[in-house]
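First comes the structure, then the notes that go with it.
The values are calculated or read from the model by the stated rules, or taken from the named source; none is laboratory data. This structure is a prediction, so every number in the text was calculated from the model and none was measured. Cβ placement follows ideal geometry from the backbone for every residue including glycine, while neighbour counts extend to all protein chains displayed.
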Amino acid sequence: MPYVNIKVTREGGPDGTGPSAEQKAQLITGVTGLLQDILGKDPATTFVVIDEVALQNWGVGGMPVQEYRKQAR
């Protein structure tokens, strides 16, 4: 019974709040298909959860992602 947790920031979506419902459905379908194709897992028992995280709550490289991006430019 696979459980996959996808975490994304609430940005970049059509209204700036994160992935659209259609994009989330594509992620769920795609991940489920990969687990079936590669590991032979049953889609009926595969769970995919998508968590949206506010951008200010996401960090990388020891700093808030917004600051990290500024330094990466």
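The table below lists the values:
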read-out: Subset of segment 14-27 (residues that are of a type in the set (S, T, N, Q) and either loosely packed, with under 11 Cβ neighbours inside 10 Å or part of a helix (DSSP H, G or I) (or both)); value: Gln23, Gln26
read-out: Selection from segment 28-59 of residues that are surrounded by 15 or more Cβ atoms within 10 Å (Cβ to Cβ), of a type outside the set (Ser, Thr, Tyr) and within 11 Å of Val4 (Cα to Cα); value: Ile28, Val31, Leu35, Val48, Ile50
read-out: Subset tally (residues that are farther than 27 Å from Gln26 by Cβ and among the hydrophobic types (A, V, I, L, M, F, W, C)) for segment 45-73; value: 2
read-out: Lone unmet requirement of (1) β-branched (Val, Ile, Thr); (2) in contact with a Lys or Arg (Cβ under 8 Å, 6 or more places away or on another chain); (3) modelled with pLDDT of 95 or more for Val48; value: (2)
read-out: Lone unmet requirement of (1) part of a helix (DSSP H, G or I); (2) at pLDDT 95 or above for Gln71; value: (2)
